[in-house]
Each structure stands twice: as C-alpha cells, then as structure tokens.
Amino acid sequence: MTDQTTRREGKSRDGRVARRILTLGILGIAWLAFDAHLGSRRVSRAREANLRARVRSIHRSNPILPGETVFLGDSITFDGDWEAAFSDLGARNRGIGWDTTADVLERLDESLDGPPATVVLMIGTNDLFINVPHAQTVRNMAHILDHTNEVAPDTRIIVQSVLPRTDRYQPLVAPLNEALSRICNERELEFIDHTEHFSGADGLLHPALHDDGIHPNGEGHRILVDALRPLLHRT
C-alpha cells in the first residue's frame, strides 16, 4: 500500500468521524434546547411553590361553608373577583396559580368541606404547558369529578372548558376540551364551552381579551361571568 493510498484512507476516516461528531453535536444542541425550554417552565413552577403553599394555608384556615359556591382552578380562577360577581351565591375563590389537574386533585378535599352547593371548575391549561400526557390529564379530571360526587353527592358541578391560548400548545386545547366534554356527559354533569367567545379569527385567544397570551384580562373575565351567570342562577 502506497503512502498516497494510506493518506486517502486516513482522510476518508477523518471525514466520517467529523460528520458523526457534527451530527451528534446538532442532535445534542437540539435536545438541550428542548430540555432547557421544558426545564425553564418547571423551574418557573417550582419558584412559585412557596406562594402556592401560602395560598393553600390561607384556604385551609378559612373553610368552605355549607351552601357556598366554590370557584376551583389555577391562576385564571385565582385572578377572578368571583366574590363580587356572585356575592349572592356565597362565592369563594379556590384558584391557585400554576396548579395542574394533579394539584387540584391533591387539594380537592379542602374545597369540599361544607359541603358547597356548587363547584365551578376550570383546570388543565398548565398540564399542557408542562407536558403532562393528555391521557393523564383526562384521568385526573375524571378522578376530580368522581371524588367530588363521592364526598359531596349533593354538590352541583360545572366544568368549564380550557381557554384558547396563543402559543405552541394551542393545538392541544381542542382535543382536551373534547375529552372534558365527554367525561362530563358520561357523568351527566354540566360542561360549558367558552371557545367561541374567546377565540379570535385565527382560532387563538382573542387579542382583546388577554395581556399575556394566556390569562383573560378584565374584559375576558366579564365574559366568563356573563357566561356563568345564567347557569349559576338557574334553579
């Protein structure tokens, strides 16, 4: 074998090694970018853990009274002035920012002492945000509904749809709402779909109804109240 042939073979091997290293590098960067994106969301949620614990502590020190109306959910519920909107129904706000379906299930009994006359539930959008599998979210919701019926069989349950979003998780909203509607129908529970009232022409959360792509602003909460009022005042 000549020196020239040896050099050619060496260059060929070096080229293959370089291509493999480049491919692995690209895959590594892509994975780190994805992992950093998911990780940043989980870090953000973890940073709010103290706030969530504090809100729960306040809730536990002010138990639900018989006949009250509980608004249960995440930060969208937390933001609402339900006590002012439904003062005649003894409204109580049991929303906690960053909560998922698993969080609500874990703290559910704290909202059922009394028991309340009605539970108005909106939960699930944070499951999408932190990549909880669709099937797990639906199972959690089913457990929430079943446990409520078991612990407070005379309590009325109204489930609200997950609102449209403006980010990469928007395509996951409709399938989740379809599943929520289905499990409510199976249990003969009330489901209210806000999609039409909150969607813009592009199907995303209407720009006039939010300030950050997820949370309804004042006008958005007015629409929620107007949609819920006839349901809650129906005898």
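The values are calculated or read from the model by the stated rules, or taken from the named source; none is laboratory data. Everything numeric in this text was worked out from a predicted model, so none of it was measured. Please note: Cβ atoms are built from the backbone with ideal geometry, for glycine as well, and neighbour counts cover all protein chains shown.
Taken over region 206-222, the residue count meeting the criterion of being assigned to a helix (DSSP H, G or I) and charged (D, E, K, R) is 2. If I go through region 89-99 residue by residue, how many of them are touching a residue at least 40 places away in the same chain (Cβ under 8 Å) and more than 18 Å from PRO66 (Cα to Cα)? Of the residues in region 89-99, 4 are touching a residue at least 40 places away in the same chain (Cβ under 8 Å) and more than 18 Å from PRO66 (Cα to Cα). Summed over region 186-198, the residues that are out of contact with any strand residue (DSSP E or B) (no Cβ under 7 Å at 6 or more places or on another chain) and under 15 Å from GLN160 (Cβ atoms) give a count of 4.
Take the conditions assigned by TED's automatic domain parsing to the domain that holds LEU145, surrounded by 19 or more Cβ atoms within 10 Å (Cβ to Cβ) and touching a residue at least 40 places away in the same chain (Cβ under 8 Å) and apply them to SER75. Does it pass? Judged against the criteria, SER75 is not a match.
The requirement of being assigned by TED's automatic domain parsing to the domain that holds ASP81, part of a helix (DSSP H, G or I) and buried (at least 19 other Cβ atoms within 10 Å of the Cβ) is not satisfied by LEU163.
In region 168-181, the condition of being surrounded by 19 or more Cβ atoms within 10 Å (Cβ to Cβ), more than 29 Å from PRO116 (Cβ to Cβ) and in the same structural domain as GLU68 (by TED's automatic domain parsing) is met by at least one residue. Considering only residues in region 78-112 that are in contact with a Gly (Cβ under 8 Å, 6 or more places away or on another chain) and of a type outside the set (Val, Ile, Thr), the one that is surrounded by the most Cβ atoms within 10 Å (Cβ to Cβ) turns out to be ASP99. In summary, ARG54 fulfils each of the numbered conditions (1) outside the structural domain of THR148 (by TED's automatic domain parsing); (2) closer than 19 Å to HIS147 by Cβ; (3) without any contact (Cβ under 8 Å) to a residue 24 or more places away in the chain; (4) not aliphatic (A, V, I, L, M) with the single exception of condition (2). State which residue is farthest from the chain's Cα centre (by Cα) when the search covers only region 48-99 and only residues that are in a loop (DSSP other than H, G, I, E, B) and among the charged types (D, E, K, R). The qualifying residue farthest from the chain's Cα centre (by Cα) is GLU68. A residue that is in contact with a helix residue (DSSP H, G or I) (Cβ under 9 Å, 6 or more places away or on another chain) and farther than 23 Å from ALA227 by Cα occurs somewhere in region 62-80. A single member of ILE144, ILE158 is under 21 Å from THR100 (Cα atoms) and in contact (Cβ under 8 Å) with a residue 60 or more places away in the chain, and it is ILE158.
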